[in-house]
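Shown next, in C-alpha cells, is the structure this report addresses.
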Amino acid sequence: MKYKGIDERFRMSKFKLELLLCIVFLSLISTKVCAETQYQLENFALLDHNGAYHELFEYKDKKAIVIYSHGVACPIVRHNVNALHDLQKKYQNTVQFLMINGNIQDELEDIQEEASTFNIKIPILHDPSQNVISLLQFQRTAQAIVILPHNWKIVYRGPVDDRLDYETQKSIAKNHFLRDALDTVLTNKTPQKQNRETKGCAITYHKDPAISFTKEIVPILKQRCIICHRKDGLAPWSMSSHKKIHGWSKMIREVVLTKRMPPWPADPTIGKFKFSNYLLPKEQRKLLKWIEQGCALDGEDKLKELVSVSRPKEEPDMVIPIPPQEIPATGVIPYRFANASIQLEKDVWVKKAEIIPGNKKVVHHVIGSIIFPKHFRSLRSKVDNAGFFASYIPGLTAEDFPNNSGVFLPKGTTFRFQIHYTPYGRKVVDRSQLHLYFHTTKPSSHVYIHLLHNKKFNIPPHTQNYKTQAQYTFREEVTLYSFLPHMHYRGRNVNLELQFPNGKKQQVLSVPKYEFNWQYFYHFQQPLSLPAGTIIRMKGSFDNSTRNKYDIDPSKTVKWGAQSWDEMFLGQFIYLKKNPGKYSFKMSKKRLAFYGIVISIILCIVIFFVKRYKFS
C-alpha cells in the first residue's frame, strides 16, 4: 500500500508536469504567431497602376489600413473585388484600402488591363522589385492584412470571408473575417484570431544567390549615388569605402524603400530622359538583398578610387562671380536674389551656360535669368525666353544648347540669380559662379526657353488635392527638348501633356510625388517633333493639409508668390523652331524710320504747346 501511494503521487506529478509542458508549448506557439503578426512595419512607398504615389506612413490619419494581395488572372481575387468594394464604401472615412501586386509574371500593362476589365476601384500598388511584398510577408494572392497606424503593426492576416475556395464557391459567405477584424479594431480592440488560412494563388519570389559587392553593388552605387555621395558633394557623407556602406546600410534600406533615394521623382514608365537617377527594380532588389545577406565584401574595395575621380572640364570663355552669400549653420532660408553684371566688349552668342556652386553642401539649386539693357528690353519677348537662362540642380549636367543653337547676349547684359540654400550645420560663405561658353560664329538658330505659368489660383485651407493647370499653343512647327516644372512646398504632383491638332493627347512626363527639394530639368532622350497648333499642357495639384510633411500652415489660403511659403505653378521648356528663318537682333531700317517719325511728331507737338504757352 505504501508503494502504491507513492506510485499514484508520482503518476499525478508526471501528469501535472506534462500538462504544464503542454501549456508552455501552446503558449510559445501562440506567442510566436502573435509576434509574426504584430511585428512593426517599416515605411515604404510605391506607385499604383494609375501612376499615383502612395506612402504607407502618409495614412497615419486613418484608423486602419487594409492591403490586399492582388494577382492578375487569379480567380479568387477576381471574385473578391465586389466584396472589397463594399467594404471600401462602408469604411470610406476611417479605413484606407490598397491592393499590391509583386508577381514576377504581372507587368504593369497586365495589371492596368485587369483593373479596367474588372472595374477595380482600389489602387493597386506595383512592386516589381518584390521588396515590399516580402516586407509584408505575402505568400499568396487574395490575402488581406489589417495595419494599425498608431503602432504600424499587422493585427489581422487572412481571407476576406469564407465564400471562396479552390474551384468552388458558396452563394453567400457565412463568416466575414475581414469585416469582423475591422469592426474590432475600430472599437480599439484586437481581433481574437489574427491569422487565418488564405486560399489564393502562390506567389513566386526571385531566388537571388549571394550578391557580389564588387561586381554588382559597386556598379549600382557608381551609376546612381556617387555623383552626390563623394567628397565635397551635396550628400552629407561620402561612399568612400565598403565600411561606410556597411555602416549606413540600415539607412540605405530605409531611403530606398520609401523612394527618397536616389532622388528621381518622375514616373519611370512615362517618357525616357537623360541623366536619370532612377533605381531599377532589379537594382533595388539586389541592393536590399545584399544588405539582408550581411553586407559581405568580396574582393578588393575600390570605392575610394571611384569617389576621388573627377571629370575633365572644358575651360569657360567667361567666368561671372555671383555675389558671396553668408549662410547660417541651421534654419530655413528664404530664396536669395543676387545680380551680377558682365563686361562684354561686343555682343556674343552663348552655346553653353553652367552654374558652378561654391559649396555643394548648402547650394540646393540656382536659377539664372537675363536682364537685358534698356535698348534691348523688347528682346525679352522676341526671343520668348522670359529671361530664363541657366540653372544648377544636383546631378544636372550642363550641355551645349541643342542642334548648334545659342542665346544672344548684347553688351550691357546683367544676370539675376535666384538661389535656394539648405544649411548643413556649419556657418559658411558661398561663392558660386556662372561659366559661359561662346560660339565662335553665329549659330544656325536661336534657342527658345519659354515660361508657362498660371498665377490665378487660390488654394483653400485644409485642401489635400487642389488641382490647377496651365497651357501654351505652338503657332509653328517646333522640336521640344526639355521641361522643368516648379512649385513650392505645397506642390503634390505634376504632369506634362501634349494635345495635337487632331485632338490626340499624349502624356510625356509624370511626377507623382513632386519634391521641392529635388527640382529637375527633364531632358527628353529623344527630342519631340511637334506640329504647329500643338498644345503643351501642365497639370498639377497642391497639398495644403496636415498630410503635407513640410512646415506649412494648412489653415491659410495660399496664392501666387515668390517665397517658398507662397506658391507657384510654372514650367520652363526649351525648344527650337523647325523653320527659324532669318533672325536679327538689330532694329530694322523700317522700324528706325517709324520711331523717327513718331519722335518728330512728339517734338513738334511739344514745341507747338511751348510756343503757345510762351506767347499767351
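Of all the residues that make up the stretch 127-185, how many are assigned to a helix (DSSP H, G or I) and either of a type outside the set (D, E, K, R) or surrounded by fewer than 16 Cβ atoms within 10 Å (Cβ to Cβ) (or both)?
Total meeting the criteria: 13.
Go through the stretch 72-97 and give me each residue that's open to solvent by less than 20 Å² (accessible area, probe 1.4 Å) and of a type outside the set (A, V, I, L, M, F, W, C).
Those that are open to solvent by less than 20 Å² (accessible area, probe 1.4 Å) and of a type outside the set (A, V, I, L, M, F, W, C): Asn80, Tyr91.
What number of residues within the stretch 322-346 are assigned to a loop (DSSP other than H, G, I, E, B), touching a Phe, Trp or Tyr at 6+ places or on another chain (Cβ under 7 Å) and modelled with pLDDT of 90 or more?
1
Condition first: out of contact with any helix residue (DSSP H, G or I) (no Cβ under 9 Å at 6 or more places or on another chain) and either under 21 Å from Leu108 (Cβ atoms) or open to solvent by 20 Å² or more (accessible area, probe 1.4 Å) (or both). Now tell me which residues in the stretch 57-66 satisfy that.
Phe57, Glu58, Lys60, Asp61, Lys62
Determine which single condition Ile270 fails, assuming it passes every other condition in (1) open to solvent by 20 Å² or more (accessible area, probe 1.4 Å); (2) out of contact with any strand residue (DSSP E or B) (no Cβ under 6 Å at 6 or more places or on another chain).
Unmet for Ile270, out of (1) open to solvent by 20 Å² or more (accessible area, probe 1.4 Å); (2) out of contact with any strand residue (DSSP E or B) (no Cβ under 6 Å at 6 or more places or on another chain): (2).
Is it true that Lys351 is buried (at least 20 other Cβ atoms within 10 Å of the Cβ), in contact with an Asp or Glu (Cβ under 6 Å, 6 or more places away or on another chain) and either in contact (Cβ under 8 Å) with a residue 40 or more places away in the chain or in a loop (DSSP other than H, G, I, E, B) (or both)?
It is true that Lys351 is buried (at least 20 other Cβ atoms within 10 Å of the Cβ), in contact with an Asp or Glu (Cβ under 6 Å, 6 or more places away or on another chain) and either in contact (Cβ under 8 Å) with a residue 40 or more places away in the chain or in a loop (DSSP other than H, G, I, E, B) (or both).
Is the stretch 305-321 home to any residue that is open to solvent by 80 Å² or more (accessible area, probe 1.4 Å), in a helix (DSSP H, G or I) and within 15 Å of Lys222 (Cα to Cα)?
yes
Looking only at residues that are modelled with pLDDT under 95 and assigned to a strand (DSSP E or B) in the stretch 496-523, which one is farthest from Gln469 (Cα to Cα)?
His523
Which one is nearest to the chain's Cα centre (by Cα), of the residues in the stretch 67-95 that are more than 28 Å from His206 (Cβ to Cβ) and not in a helix (DSSP H, G or I)?
My answer is Val95.
Name the single residue, out of those in the stretch 437-465 being outside any loop (DSSP other than H, G, I, E, B) and open to solvent by 50 Å² or more (accessible area, probe 1.4 Å), that is farthest from Glu399 (Cα to Cα).
Only one residue fits best here, namely Gln464.
For Gly71, only one of the following conditions fails: (1) farther than 21 Å from Ala266 by Cα; (2) touching a Lys or Arg at 6+ places or on another chain (Cβ under 8 Å). What is its number?
(2)
Just give me the residues in the stretch 202-234 being β-branched (Val, Ile, Thr) and either touching a Pro at 6+ places or on another chain (Cβ under 6 Å) or surrounded by 14 or more Cβ atoms within 10 Å (Cβ to Cβ) (or both), in sequence order.
Result: Ile203, Ile211, Thr214, Ile217, Val218, Ile220, Ile226, Ile227.
When Pro394 is evaluated against the numbered criteria (1) modelled with pLDDT under 80; (2) over 30 Å from Lys222 (Cβ atoms); (3) open to solvent by less than 10 Å² (accessible area, probe 1.4 Å), which criterion, by number, is the only one it fails?
Pro394 satisfies every listed condition except (2).
Confirm whether Leu509 is more than 21 Å from Trp264 (Cβ to Cβ), open to solvent by less than 50 Å² (accessible area, probe 1.4 Å) and either in contact with a Leu (Cβ under 7 Å, 6 or more places away or on another chain) or without any contact (Cβ under 8 Å) to a residue 60 or more places away in the chain (or both).
no
Return the total of residues in the stretch 98-120 being open to solvent by 80 Å² or more (accessible area, probe 1.4 Å) and closer than 14 Å to Cys201 by Cβ.
1
The values are calculated or read from the model by the stated rules, or taken from the named source; none is laboratory data. Only a predicted model underlies this, so the values are computations on that prediction, with no experimental measurement involved. Cβ coordinates were reconstructed from backbone atoms using ideal geometry, including for glycine residues, and neighbour counts include every protein chain displayed. Heavy atoms of the whole protein, side chains included, go into the accessibility calculation; ligands, DNA and RNA do not. Shrake-Rupley method; radii C 1.70, N 1.55, O 1.52, S 1.80 Å.
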